[in-house]
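S.K.: Take a look at this one; I'll ask things after.
Nothing in this text is a laboratory measurement; each read-out follows from the coordinates by a stated rule. All values derive from a computational prediction rather than experimental measurement. So basically every Cβ, Gly included, is an ideal-geometry build from the backbone, and we count neighbours across all protein chains shown.
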């Protein structure tokens, strides 16, 4: 399990080959992001968290995805510019991938398989249904800004629903415990 997560080929938002192996020994918060979502302001909290905890070994890794209501339509260059100009994002971003459906990227297949249930699961799916939105069935990613927490050993140690923000004590405690491990 550990080696497979680190060995999955990825592409940086700048188009360069990458993998989670580049962050071996760090605590990773893997987030599927989108620029035109009601949750997009979470970029502010993610960047603040990154700046606060990066020195302690936390990496926030953003994976743009256009799976939910086409809320990430831009090119990688447009996404990078948007994140930089609007939210001052300095944490690593990756090339756009799919996190849902038959084209789910192997990284997300592995993350979901390792952690099929999300902390805070439920309210977001119910809200989406209330808006008449067909919801991706569990254990699939519910929406943009779902978060997976990977420990220093490469194991998935947590998963948090999209509406669990970085200010939520449940996420904060999980990050601090992973950093202390």
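S.K.: Kindly identify segment 1-94 as rounded, prolate or oblate by the Cα gyration tensor criterion: order the square roots of the eigenvalues as a ≥ b ≥ c, call it rounded if a/c is under 1.5, otherwise compare a/b with b/c, prolate if a/b is larger, else oblate.
M.R.: Judged from the Cα gyration tensor, segment 1-94 comes out oblate (a/c at least 1.5, b/c at or above a/b).
S.K.: Taking neighbour Cβ counts within 10 Å as the exposure measure, how do 83, 37 sort from fewest upward?
M.R.: Neighbour counts put them in this order, fewest first: 37, 83.
S.K.: Another one. Among 86, 66, 136, whose mean-square fluctuation peaks in a Gaussian network model of the chain (Cα, cutoff 10 Å)?
M.R.: Judging by the Gaussian network model, the answer is 86.
S.K.: Over the chain, consider all pairs of different Cα atoms and compute the Kirkwood hydrodynamic radius from their mean reciprocal separation; express it in Å, one decimal.
M.R.: That comes to 16.2 Å for the chain.
S.K.: Using 0.36 nm per residue, how much length does the chain from residue 24 to residue 52 gain when fully extended, once their Cα-Cα distance is taken away?
M.R.: That pair, residue 24 and residue 52, stretches by 8.1 nm at full extension.
S.K.: Now, a different point. In whole angstrom, note down how far apart the Cα centers of segment 1-79 and segment 150-176 are.
M.R.: Cα centroid to Cα centroid, the span is 14 Å.
S.K.: Going 7 Å from the Cα of residue 155 toward and past its Cβ, which residues in segment 1-36 have a backbone nitrogen under 16 Å from where you end up?
M.R.: Those under the cut-off are 1-6, 25-28.
S.K.: Then there is this: Of the beta bridges DSSP finds with both residues in the chain, what % are antiparallel, to the nearest 5?
M.R.: 50
S.K.: Once you sort the root eigenvalues of the Cα gyration tensor of segment 82-179 as a ≥ b ≥ c, which label holds: rounded (a/c under 1.5), prolate (a/b larger than b/c) or oblate (the other case)?
M.R.: Verdict is rounded for segment 82-179.
S.K.: PRE reach from residue 90 (point 7 Å along Cα→Cβ): which of segment 29-71 fall under 17 Å by backbone N?
M.R.: Of the residues in segment 29-71, 43-62 have backbone N under 17 Å from the label point off residue 90.
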